[in-house]
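First up is the structure itself, then whatever we jot down about it.
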Amino acid sequence: MNRYGFRQAARMERIKLTSVRSTWWLAIAAVASMAAVGAGVGLGYRSHTPVATAAQILNNSLGGAVLAQLLLGALGVLTVTGEYGTGMIRSTFAAVPRRRTVLLAKAAVCGGAALAVGLIASLAGYLGGQLAIRGTAIPAAHLGDPAILRAVVLTGGYLAATALIGVGIGTMVRHSGAAIGTLFALMFVPMIVVGLFGESGIQVGRFLPLLMLLNSVAVTSPIPGLFPGWISVLLMCGYAAAVILCGGVLLRHRDA
Amino acid sequence: MVSGLRRPAALPSVFRVIELRELTKRYGGRVAVDGLSVRVQPGAVTGFLGPNGSGKSTTMRMILGLDAPDHGEALIGGVPYRELAWPLRTVGMLLDAGAFHPGRSARAHLAALAASNDLPGSRVERVLRTVGLSGAATRRAGTYSLGMRQRLGVAVALLGDPGVLLLDEPVNGLDPEGIRWLRDLLRGLAAEGRTVFVSSHLIAEMALTADRLVVIGRGRLLAETTVAELSAGADSLEDAFLRLTSPETDYRGMEAS
């Protein structure tokens, strides 16, 4: 290699990501929150009548993803804004002056890490729910069942996409608080607005992250009117690509 | 060798020249750097002097491609910074003490930057020893004193064993011992044939450290000279500096008349 490139930038980003505590706390919190919600749901259904179905347990025990998406979204935001807030960004851009190489490296490293953590968290939610209903009449959900496995895997993918959206918003906004606020607002506000339109809101609602998560991604079968889970996750990846692209354009023209 | 580093690669010295051509930067209506044209040569410590707010840091950031000039260009060995194949191996920089994440250890900070330019881990340990931070390398950099932060900044600058060094106010926060250490280090680096460009508003320190001086005020070049030339005909370098910059200093107190 005669000059630096993506590979070098990605190694730098990997070291940076793993060498701050906030990364580990956010990852642990994401896994713990999903495990806790999963177990809570399972415990709640133990004495429930009529006896819950396997799908019911799974759908609800993945509900912790609502919290996990905020934590991993914040992780994505902080990989960028954490540098702007501290002045580290100037060291980074001095080391790798091609800023879009930095952005791509950040997206790849953070997205990869978030996918791994998201899958572990999703699995933790599933396991939490299953362990909590052991010894009851509720049927177990097996990962061998394609519908179950799909929901668990897609939830992990959705969480990774949320982190990537965080990277993009962080690049555009640059300030940690403002960027995390923007991310959270984008997750919740459109859903509240769409909720005002009742049933007819689903035409728009099926494009909204949180609605997709709860009704299309993290469920064994999507509710009518919503996209199949994998399309929802692809949509999320599309959103992520769009905001990262916008961030990349701004990055080029702004002073660091 | 004072720095404990090898001599810069046997490149012709022209590759270590910093050249500013009519460099100009505006923020809104205010001109921060105004048509600055300077050549900074290797083999000497060049002091970059000017009052607060005269555009020194903005100039440094433009040399590093962090801020885009509105007009003109900054070249290192004839190429813009962003075109460098291995930036950290060509140019070492110390920006304001704080261009690091406070939650990251000095060693991780250096390791990340080393990875970006394919520098071996041995360089990280080497520069940690050079700046005397080996014992504190695993501590979070946010817990460092101002002097230690400056030392970490110097370690970053030396990391790629570059032929060109840019240091923005490096003596800030250093104790007298640290100031002498840095002075010897910079003079040693220049004696090895490197280009050392150091900004400061401390004239007395520059009188001891620098060979050549670039003096600016309100973003404009006031003098490109040597320490000896500037102080000739004045009681001290400080007097000469103040005489040179007084029309350009915008925060002078109201004189009682």
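None of the figures in this text is laboratory data; all of them are computed from the coordinates on show. From a predicted model like this one, the values you see are computed outputs, not experimental measurements. Reconstructed Cβ throughout: ideal geometry from the backbone, glycine too, with neighbour counts over all protein chains shown.
A few notes on this one:
- Of the residues B:Asp118, B:Asp161, the one with the fewest other Cβ atoms within 10 Å heads the list, and the complete ranking is B:Asp118, B:Asp161.
- Leading residue at positive end of dipole, the protein assembly as shown (Cβ point charges), from A:Leu119, B:Val214, B:Leu230: A:Leu119
- Residues with amide H under 5 Å from that of B:Ala44, placed H, sequence gap 5 or more: B:Val196
- Charge dipole of chain B (Cα centre as origin; +1 on each Lys and Arg Cβ, -1 on each Asp and Glu Cβ, all else neutral): 980 debye, rounded to the nearest 20.
- Under 16 Å of direct C-alpha separation, and excluding same-chain neighbours fewer than eight residues apart, A:Lys106 reaches these lysines: A:Lys16.
- Span-like helix criteria (full DSSP H runs; alpha carbon extent of at least 24 Å along the helix axis; mean Kyte-Doolittle hydropathy of at least 0.5) are satisfied in chain A by A:21-45, A:65-86, A:99-132, A:146-173, A:176-195, A:229-253.
- Chain A - convex hull of the alpha-carbon atoms, volume per residue in Å³: 133
- Radius ratio Rg over Rh of the protein assembly as shown, counting only Cα atoms, Kirkwood formula for Rh: 1.11
- Estimated FRET transfer efficiency when R0 is 25 angstrom, pair A:Ser221-A:Phe197 (beta carbons, to 0.05): 0.55
- Helix-only [θ]222 nm of chain B, DSSP H runs n ≥ 4, -39500 (n - 2.57) each, per residue, nearest 500: -9000 deg cm²/dmol
- Basic side chains Lys and Arg get +1 at the Cβ, acidic Asp and Glu get -1 at the Cβ, and with that the dipole of region B:9-95 about its Cα centre reaches some 180 debye.
- For region A:1-139, with +1 on Lys and Arg beta carbons and -1 on Asp and Glu, the positive-most of A:Leu78, A:Leu17, A:Pro97 along the dipole: A:Pro97
- Taking other C-beta atoms within 10 Å as the exposure proxy, A:His253, A:His142 rank A:His253, A:His142 from fewest upward.
- Between A:Asn2 and B:Arg220, the C-beta separation translates, for a Förster distance of 60 Å, into a calculated FRET efficiency of about 0.95.
- Cα-centre dipole for chain A with unit charges at Cβ (Lys and Arg positive, Asp and Glu negative), debye to 20: 1000
- Residue mean of other protein chain beta carbons inside 10 Å, A:13-20: 6
- Residue-span extension gain [A:Cys246 to A:Ala147] - 0.36 nm each, minus C-alpha spacing: 32.1 nm
- Spin-label pair B:Arg139-B:Val14: with each label point 7 Å from Cα along the Cα-Cβ axis, the two points sit 4.8 nm from one another.
- Eligible lysines near B:Lys56 by straight Cα distance, threshold 29 Å, same-chain separation 8 or greater: B:Lys25
- Alpha-carbon Debye profile of region A:131-191, log10 I(q)/I(0) at 0.21, 0.26, 0.27, 0.28 Å⁻¹: -0.83, -1.04, -1.08, -1.12
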